[in-house]
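Colleague: Handing you this structure, nothing more for now.
The values are calculated or read from the model by the stated rules, or taken from the named source; none is laboratory data. None of the values given here were measured: they were computed from a predicted structure. All Cβ positions, even for glycine, are placed from backbone atoms using ideal geometry, and neighbour counts span all protein chains on display. For accessibility, only protein heavy atoms count, side chains too; no ligands or nucleic acids. Shrake-Rupley method; radii C 1.70, N 1.55, O 1.52, S 1.80 Å.
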Amino acid sequence: MSWDKVGLPTKLRHWYGDMEVEGYLYTAGIAGEKFFKTLKERGKLLASRCMKCDVSYLPARAYCPSCFSEITEYFEVEPEGNVETYTILRVGVDGEKLEEPVIVAFITFDGVNGGLIHRLGEMDEKDVEIGMRVKAVLKPTDERRGEITDILYFKPA
Amino acid sequence: MKTNIYVKRRVAVVGAGLTLFRRRMLETPKELAWEAAKMALDWAGLELDDVDAVVIGSAPDAFDGVHMKGEYLADGSGGWGRPTMRVYVGGGTGVFTPIAGWWHVASGLFDVVLVVAEEKMSPAQPHPQFVFKHIWDPILERPLNPNLIWIFAMEMHRYMYKYNVRKEDIALVSVKNKRNALDHPAAQLAAKITVEDVLNSEVLVYPVQRLDISPVTDGAAALVMVSEKVARRITDSPVWVEGVGWALDSTQWTNRELAYPKYVEVAARMAYRMAGINNPRKEIDVAEVYDPFDYKELHHMEGLMLARKGEAPILTREGVTERDGDLPVNPSGGLLGVGNPIAAAGLMKVAEIFWQLRGEAGGRQVKKPAYTGLAQAWGDLMQAGTVIVMRAG
Ligand SMILES: [Zn+2]
C-alpha cells in the first residue's frame with residue numbers, strides 16, 4: 001500500500017524516534033598519535049615506511065596493509081605537494097548557496113605514497129589546476145591542537 | 001529444513017590471534033584488526049601473501065561509529081586486493097564469521113582464509129547502551145523507552161520461574177567465569193569474587209545485578225582457516241571444523257517461550273548432524289557458550305542440549321562445568337571475565353576451543369582430555385544462534 005497520496009507523513013499513525021547516540025570519541029590510534037603530535041609540535045607531516053615492501057605511507061600507518069609487517073620507521077615530510085585532483089563547491093551540505101566557492105583538493109607529497117584531502121586557499125578558482133604545487137598554511141603553533149584542521153588550507157607554493 | 005551434511009572438503013583451523021580486551025583502547029579499529037590477524041597468521045606460520053580471501057565479522061556500525069565497517073576494517077584485516085566480505089548477525093557474528101570462513105574453504109573456492117572479528121565499543125557517547133536501543137520495534141516497543149537490560153531481565157526472570165532456578169546458582173556462573181579469566185592474558189574483568197558479591201551488587205533491572213553482566217569492551221580476534229591440503233602441509237595438529245549451524249527466530253520476541261532458546265537448538269542440531277554427534281552431553285569435551293549475562297550460559301547450555309531443560313544450574317552447582325569438571329564450560333573466562341567486544345568476543349570463544357583442542361591453552365587448559373569442542377554465540381534481538389563444532393586432528 002502506498003501512502004504517497006496521504007500528503008503529510010505525520011497524518012499517519014507514527015512514533016517519532018531518533019538514534020540518540022550523541023556523538024563519538026574516535027582515537028587517532030598508534031600511528032595517528034605520532035602523526036598529529038608531529039603536525040602540532042613541528043608543523044610537518046609524518047609518514048612511515050615498510051622496510052620489507054619498501055613502500056611508504058602518508059599519513060603514517062602502524063602496519064603495512066600489503067605484507068602485515070609492523071612499521072617502526074617514521075619520517076617527516078614537508079607539507080608541500082601537488083594537486084592530484086580537485087573540486088569546487090558552490091553549494092554547502094544543506095544545499096545552501098555558498099557566497100564564496102570552496103576549493104577542495106587531493107594533495108600528494110614528494111617521495112611518499114598516499115596524501116591528504118584538504119582545502120585550497122589564497123587563490124582564485126580560475127587559477128587552480130591539476131599538478132599545481134601547493135603548500136600548507138598552518139595555524140600558529142600555540143593554537144594547534146593536533147588535528148587535521150591545524151592545517152587551515154594549502155596555498156600556491 | 002534439509003541440510004547437506006556431506007560437504008566434501010574438510011576445513012581446518014591452523015592459527016588464532018587476539019588483542020587485549022579493554023574498556024578503551026588507543027588503537028583504531030583497523031589497528032586492532034591487524035594485531036589479531038597478524039598474531040593468527042604468525043600462529044599458523046603463514047604470511048599475508050598466503051591468504052586467498054578474507055572474512056570480516058563486526059556487529060552494528062554504530063559501535064565503532066564508522067559506516068561500512070567491513071570495508072573500513074579491510075586494510076587491517078588483509079583485505080587489500082583480495083576477495084573480502086563482512087558478515088553480521090548481531091552478537092552471533094563472532095561464531096558466524098568462522099562459519100562463513102568455513103564455507104569459503106569447504107566450497108573449494110579458497111585454500112587459505114583469514115577470519116577477523118573486531119568491535120570497538122568505547123567511541124559511542126555517552127554510552128554504547130544507546131546503540132542497543134534501536135534494535136526494538138519502533139512502534140510497539142520503543143515508545144516505552146526500553147533498555148537492553150530489560151529484555152534480558154525478563155528472559156532471566158522467565159527462565160528462573162519456569163525451572164525454579166535460584167539466583168545463587170546463576171551467580172555461580174559469574175564467579176566461575178571471572179575466576180577462569182584470571183589465567184587469560186587478554187582478560188578485562190578477571191576477578192576472585194563470591195556468590196555473595198554477585199547477590200550484593202547493585203540491582204540494575206530486576207533480577208539483573210551489576211555482576212551478572214559482561215562489560216563494555218574494545219578488541220579483536222582472528223583465525224586462519226585452511227583446506228585439508230594446506231593443513232597437512234603446514235601443521236601436525238590441525239583442528240577440524242566438523243559441524244556448523246545457524247538459525248534465526250523472530251524479532252517479535254513476545255512470540256516465543258523465553259525460558260528456552262529454540263533457535264539455539266535448531267542451530268546446534270544442524271551442527272551436530274554434520275559432526276555426527278548423537279549425544280552432545282557425552283561427546284562434547286569442552287564448550288565455549290555465549291555468556292554476556294551469567295544466566296545466558298545456563299540458558300544456552302540447555303539450548304545446545306548439553307543439559308536438559310532446567311538442569312544447567314544443577315550441573316553448575318555440582319562443579320561439572322568447572323575447568324576440572326566433566327563438561328568444562330567457558331574455560332577462557334567467557335564474556336563475563338575476558339570481556340565483550342561483541343563480534344570479537346564470539347570469535348575469542350572459537351579461538352579458545354582451537355587452543356584447548358591443541359593443548360595450547362596454558363593455565364586455562366581443561367583437565368580432561370579434549371578432542372571435541374563447541375563454541376556458540378547468540379545475538380540480534382535474542383534470536384540468532386550460531387554454533388561451530390571442532391575436533392582435534
Ligand atoms: Zn609491507
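Colleague: One residue is enough: does the stretch A:10-24 have a residue meeting the conditions closer than 30 Å to B:Gln129 by Cα, free of Cβ contacts under 8 Å to residues at least 12 places away in the same chain, in contact with a helix residue (DSSP H, G or I) (Cβ under 8 Å, 6 or more places away or on another chain) and buried (at least 17 other Cβ atoms within 10 Å of the Cβ)?
Modeller: yes
Colleague: How many residues are surrounded by fewer than 17 Cβ atoms within 10 Å (Cβ to Cβ), assigned to a helix (DSSP H, G or I) and over 23 Å from the mean Cα position of the chain (by Cα) if we restrict to the stretch B:138-163?
Modeller: Number of matching residues: 6.
Colleague: Show me the strands (runs of 3 or more DSSP E) found entirely inside the stretch B:1-93 where at least 2 residues are within 14 Å of another protein chain (Cβ to nearest Cβ) and in contact with a strand residue (DSSP E or B) (Cβ under 7 Å, 6 or more places away or on another chain).
Modeller: Working: elements: B:11-18, B:53-57, B:84-87.
The strands (runs of 3 or more DSSP E) meeting that bar are B:11-18, B:53-57.
Colleague: Quick check: anything in the stretch A:28-40 within 14 Å of another protein chain (Cβ to nearest Cβ), buried (at least 20 other Cβ atoms within 10 Å of the Cβ) and touching a Pro at 6+ places or on another chain (Cβ under 6 Å)?
Modeller: Within the stretch A:28-40 (the criterion being within 14 Å of another protein chain (Cβ to nearest Cβ), buried (at least 20 other Cβ atoms within 10 Å of the Cβ) and touching a Pro at 6+ places or on another chain (Cβ under 6 Å)), the answer is yes, since at least one residue qualifies.
Colleague: Continuing with this model, one more query. Could you go through the stretch B:362-372 and let me know if any residue there is within 17 Å of the chain's Cα centre (by Cα), buried (at least 24 other Cβ atoms within 10 Å of the Cβ) and touching a residue at least 60 places away in the same chain (Cβ under 8 Å).
Modeller: no
Colleague: Can you tell me how many residues in the stretch B:113-137 are more than 9 Å from chain A (Cβ to nearest Cβ), within 20 Å of the chain's Cα centre (by Cα) and not small (Gly, Ala, Ser)?
Modeller: Within the stretch B:113-137, residues that are more than 9 Å from chain A (Cβ to nearest Cβ), within 20 Å of the chain's Cα centre (by Cα) and not small (Gly, Ala, Ser) number 10.
Colleague: Separate question: Any residue that is surrounded by fewer than 16 Cβ atoms within 10 Å (Cβ to Cβ) and within 14 Å of chain B (Cβ to nearest Cβ) - is there at least one of those in the stretch A:106-113?
Modeller: Yes, that holds for at least one residue.
Colleague: Hey, another quick one. Report, by residue number, each residue of the stretch A:52-69 that is surrounded by 13 or more Cβ atoms within 10 Å (Cβ to Cβ), of a type outside the set (Lys, Arg) and within 11 Å of the ligand (Cβ to nearest atom).
Modeller: Within the stretch A:52-69, A:Cys53, A:Val55, A:Ser56, A:Tyr57, A:Tyr63, A:Cys64, A:Pro65, A:Ser66, A:Cys67, A:Phe68, A:Ser69 meet the criteria.
Colleague: Ok, one more. Can you confirm whether B:Val216 is within 14 Å of another protein chain (Cβ to nearest Cβ) and at negative phi?
Modeller: Answer is yes for this residue.
Colleague: Give the residues of the stretch A:41-51 that are crowded, with 20+ Cβ neighbours inside 10 Å and either of a type in the set (Gly, Ala, Ser) or within 16 Å of the ligand (Cβ to nearest atom) (or both), sorted by residue number. Talk me through it step by step, then tell me what you get.
Modeller: At the first step, the residues of the stretch A:41-51 found to be crowded, with 20+ Cβ neighbours inside 10 Å are A:45-50.
Within the stretch A:41-51, A:Ala47, A:Ser48, A:Arg49, A:Cys50 meet the criteria.
Colleague: If the Cβ limit is 9 Å and pairs must be 6+ apart or interchain, which residue in the stretch A:56-70 that is under 14 Å from A:Glu33 (Cα atoms) and in contact (Cβ under 8 Å) with a residue 60 or more places away in the chain pairs with which residue that is open to solvent by 30 Å² or more (accessible area, probe 1.4 Å) and near the ligand (Cβ under 10 Å from one of its atoms)?
Modeller: Listed pairs, sorted by first residue: none to list.
Colleague: Still on this model: With respect to A:Tyr86, determine if the residue is touching a Phe, Trp or Tyr at 6+ places or on another chain (Cβ under 8 Å), within 30 Å of B:Asp42 (Cα to Cα) and surrounded by 15 or more Cβ atoms within 10 Å (Cβ to Cβ).
Modeller: When the stated conditions are applied, A:Tyr86 does not pass them.
Colleague: Another question, if that's okay. Evaluate the following for B:Ala231: is it over 15 Å from B:Gly346 (Cβ atoms), assigned to a loop (DSSP other than H, G, I, E, B), open to solvent by less than 10 Å² (accessible area, probe 1.4 Å) and at pLDDT 95 or above?
Modeller: no
Colleague: Among the residues of the stretch A:70-83, which ones are open to solvent by less than 10 Å² (accessible area, probe 1.4 Å) and within 14 Å of the ligand (Cβ to nearest atom)?
Modeller: A:Ile71
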